[in-house]
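What follows is a short report on a single structure.
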Amino acid sequence: MGKKITIIVSVIVVLFIALFFALNYKNNKALEGENPYGTNDLDQATIDQLDDPLYGNQILPDDLMEQVESGEPTTVYFYSPTCVYCQQTTPYLVPLTEEMDVDMKKLNLLEFGNEAAPFAIRSTPTLVYYENGEEVARLEGQYPEEQYEQFFNEYVHATE
């Protein structure tokens, strides 16, 4: 009886070790590709999105601050990879921005929550439009696609 338990426990330990190495290998492969974050110390949820085209066009907090302060019109989608509402919104918001030719930057709050403090983001997802160094409009929370389309028409395309 004791020998069987030892064998079963040993098999389970070996499986966990194999799983650890497989996951570590997968993460290292993902980090070898396109990594816009400037660090390899990323949360697993962010690593899982590295190859997903819906999460391209990332901007780092310092670059965003510089772009906003320059006065350049800037549209930013503040999100978290672990936010259920973001996971539901992104699949229709990103194609809409492509269809409407909106250059929407994305800032991952899971990785840069503290650095994003100057932008006063209270919840995710949040879409903000800046112009002349000032916030012009904001949508906090999840909205239907039509509302995002209206936002882009009213604020982003109105200035072009």
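The values are calculated or read from the model by the stated rules, or taken from the named source; none is laboratory data. On a predicted model such as this, the values are computed, not experimentally measured, just so you know. As a convention, Cβ positions derive from the backbone with ideal geometry for all residues, glycine included, and neighbour counts pool all protein chains shown. We work out accessible area using only protein heavy atoms, side chains counted, and drop any ligands, DNA or RNA first. Shrake-Rupley method; radii C 1.70, N 1.55, O 1.52, S 1.80 Å.
Per residue, region 88-129 exposes an accessible area of 43 Å² to a 1.4 Å probe, with every protein chain left in place.
Rounded to the nearest 20 debye, the dipole magnitude of region 92-160 is 360 debye, with +1 charges on Lys and Arg beta carbons, -1 on Asp and Glu beta carbons, and the Cα centre as origin.
The mean sequence distance of close C-alpha pairs (under 8 Å, at least 6 residues apart), as a share of the length of the chain, puts its relative contact order at 23 percent. Largest first, the residues 10, 80, 70 sort by 1.4 Å accessible area into 70, 10, 80. From helices alone, the chain scores -14000 deg cm²/dmol at 222 nm; the rule is -39500 (n - 2.57) for each run of n ≥ 4 DSSP H residues, then divide by the residue total.
A 1.4 Å probe over all protein chains sorts 3, 105 by accessible area into 3, 105, starting with the largest. The share of accessible area on the chain that comes from carbon and sulfur is 54 percent, using a 1.4 angstrom probe.
Largest first, the residues 90, 6, 39 sort by 1.4 Å accessible area into 6, 39, 90. Highest mobility in the GNM of the chain, judged by mean-square fluctuation with C-alpha springs under 10 Å and restricted to 68, 14, 102, is found for 14.
In order along region 82-96, the Karplus-derived 3J(HN,Hα) couplings, from 6.51 cos²θ - 1.76 cosθ + 1.60 at θ = phi - 60°, round to 9, 7, 4, 5, 5, 4, 7, 7, 3, x, 10, 6, 4, x, 4 Hz, and Gly and Pro are given as x.
Near residue 81: Cβ cut-off under 14 Å, other residues only, Lys/Arg at +1 and Asp/Glu at -1. The net charge is -4.
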